[in-house]
Amino acid sequence: MSQQPSSSASILEATGQKHLTQEERFEKVRTLVRPDSESASAALAAEVAALVRSREAEGRDTVLGLATGSTPVPFYRELIRLHREEGLSFRRVVTFNLDEYYGLPRDHPESYFRFMRDQLFDHVDLDPDRIHLPDGTVPMDAVYRHCLDYEQRIAEAGGLDLQILGIGRTGHIGFNEPGSAADSRTRMITLDRVTRQDAAADFMGMANVPRSAITMGVGTILEAKRLVLMAWGANKSAIVREAVEGAVSDQVSASFLQTHENATFLVDGEASADLTRFRFPWLVGPVEWDAPMKKRAVVWLARKLDKPVLKLVDEDYNESGAGELLASTSEAAYEVNIDIFNQVQHTITGWPGGKPGADDSRRPERSQPHPKRVLVLSPEPADAFVGMGGTLARLREQGHEVKVVFQTSGNLRVADIAALNFARVVLEMAESSHSPEWESQTAYARSIVEAIDAKGEFGIDPELVRRLKGLILRGEARDAASVCHLRYHDSEFLDLPFYESGRFRRFRLGEEDVRALVGVLESFRPHSVFATGEASDPSTPQAITYRAFATAWDSLAEADFRADCRVWLYRGRDRPFEAHEIDMAVPMSPDQLEDKVESIRRFMSINEADLNAPTRNREIAATYDALGLAEYEGIEAFRRGPQG
Ligand code: GLP
């Protein structure tokens, strides 16, 4: 569709005032959509390389404004590759980073200085004297001066030729939280609660996340000659829409890019999904009214008018911009309504593994074979329960052979105090036993306590501690599984190596990870697989474990079990499916929803959002109710996967 013209466009070309096509007319800043973060990042890196080379040929420096976070990581990887393999030199490059946490020493693992060294600076020939980041360690009374100096240095370097940006969930660029004015300059800022929540995993707990930061101001950023804001994954789609299509507002500092002469949003398919041209394409041009498009439009219309599907009339279609749908089929609203109502109705089933002996021609899952071997993939231990705890319980109750595979240990989410408590219990038991048999346990527990003491507040856990934290989560996961009626041996823990050796925002999938998934699939030979992460931010464990699964699945194209295996996608921590996207809706009674909450509570490391999972289940149920279907307490939603 409208991706065609964009995919060949240069990212850095001068946009001037945006030249939008009819389809893009809701977008107030140029937005380029690429299929995935890798190809988008590679295209941007190639253009940045060309810019650096052409300026170098003219004897000029290139001044780059850089960003941190997971978003630019693939871009930095590509720059490093260009340096190593294609001779791109950074000798004539000067860099200024957007921001830095206040109060973190520069060698702290989560400081942006350290991040930039790890992700870029240490791997290219940048002159250390030409690297600039705000300094989070300057004393409070020197911060103001430090910020003025930072601005001064940017000016002396000739201003920013290009500023790279990510976007936070509050719509911030740099750390310009809601309320940051268009003319704000480099300064100290208090971090928003949402921002701190989002950083909690990096810092192993919200309590450890700094409360403030030094950031370039919106005004500083807007003075750059070019701006490129990147965003990946479904969790960014709502804020991208607000920034691109919403009003310019200091509540969403990224919206100020609309006022810049040369700003571009560079996004992947998932992050662009809420833009009008993708979400409601019939509002911006002709569309092909195939079955999914019809379903999407009718569900949209019913929700917009707050009417059940069966009560929509011709005028509703015409007056809301969906008249073409009726024209294209020559059907009256009544017939279209019934068709869509039935489709939605047929997604509902209390038999997520298929109903044995029943006619399954209109059911989401086939009745044979029964029982099925059902494989449930949980990226981090709590995901399966957050996303499909109720369905898990049903599958077990209906006699299927369920195997929950916990793909990563999740140990980065476990607080130090949990490991310390465990070690202390062992020490106290040893002491009260007065027996030499406890010697090795005592030594183990002591080394845990010492390792945690030694690493200080934000240090990296040695393997010993990560292992213990993983084991603590294992216990919790088994406990949660038993709430869903699973037995001890229904759980398997893969501890995928990419996670064990990585940190948040910097994970990298390896071949061993894929091999582990191949092993699971080959040995279990499932009839159905439940997976999640296909739309997640590509840097997250959810996205990476999904890629491991998808790659493993593809490599088993010839395996005979695949001919009779169906893949279902669920959503745990990501944006829930919308009603039109749902292929299977599993209803939940109030008691089942209670059990699900109970299973999630078994994890000490859960946060508010995880505990909110039942709210999402209730929202989906309320949507089905509003569309005119039965009223349930909650619904867990699934979509057929692209595989099989
Ligand atoms: C932090 C950074 C921003 C970044 C944002 C999003 O708030 N200060 O510069 O854009 O996080 O991070 P991520 O790219 O990991 O989603």
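The values are calculated or read from the model by the stated rules, or taken from the named source; none is laboratory data. None of the values given here were measured: they were computed from a predicted structure. Glycine also receives a Cβ, built like all others from the backbone with ideal geometry; neighbour counts cover every protein chain displayed. Accessible surface is based on the protein model in full, side chains and every heavy atom, while ligands, DNA and RNA are left aside. Shrake-Rupley method; radii C 1.70, N 1.55, O 1.52, S 1.80 Å.
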Exercise. Could you rank Asp125, Asp202 by how accessible they are, 1.4 Å probe, largest area first?
Key: Asp125, Asp202
Quiz item: Taking N as the number of residues in region 97-215, what value does Rg over Cα atoms divided by 2.2 N^0.38 Å take?
Solution: 1.05
Self-check item: Glu512 accessible area, 1.4 Å probe, all protein chains in place, Å² to nearest 10
Solution: 110 Å²
Quiz item: Where both partners of a DSSP beta bridge lie in the chain, what percent of those bridges are antiparallel, to the nearest 5?
Solution: 30 percent
Quiz item: Once you charge only the Cβ atoms, +1 for Lys and Arg and -1 for Asp and Glu, what is the size of the charge dipole of the chain about its Cα centre, to the nearest 20 debye?
Solution: 180 debye
Quiz item: Rg and Dmax of region 55-165, Cα atoms, in Å?
Solution: 14.3, 46
Quiz item: Cα-Cα over 26 Å: which of Lys307/Lys596; Lys372/Lys596; Lys236/Lys372?
Solution: Lys307/Lys596; Lys236/Lys372
Quiz prompt | Solvent exposure, largest accessible area first (probe 1.4 Å, DNA, RNA and ligands not counted), of Met604, Met584 | solution = Met604, Met584
Quiz item: In the chain, carbon and sulfur make up what percent of the accessible area (probe 1.4 Å)?
Solution: 49 percent
Quiz prompt | Positive-end residue, the chain charge dipole about Cα centroid, Cβ charges, pick of Ala263, Gly179, Pro72 | solution = Pro72
Quiz prompt | In Å², nearest 10: area of Val386 left accessible to a 1.4 Å probe | solution = 10 Å²
Practice problem: Could you give the C-alpha radius of gyration of region 27-277 expressed as a fraction of 2.2 N^0.38 Å, taking N as the number of residues it contains? | Solution: 0.95
Practice problem: Would you mind getting the accessible area per residue of the chain, heavy atoms of the protein chains only, 1.4 Å probe, in Å²? | Solution: 41 Å²
Practice problem: Can you bin the chain into rounded, prolate or oblate? Criterion: square roots of the alpha carbon gyration tensor eigenvalues sorted a ≥ b ≥ c, rounded for a/c under 1.5, prolate for a/b above b/c, oblate for the rest. | Solution: oblate
Quiz item: What does the accessible area of Leu392 come to, in Å² to the nearest 10, when a probe of 1.4 Å is used?
Solution: 0 Å²
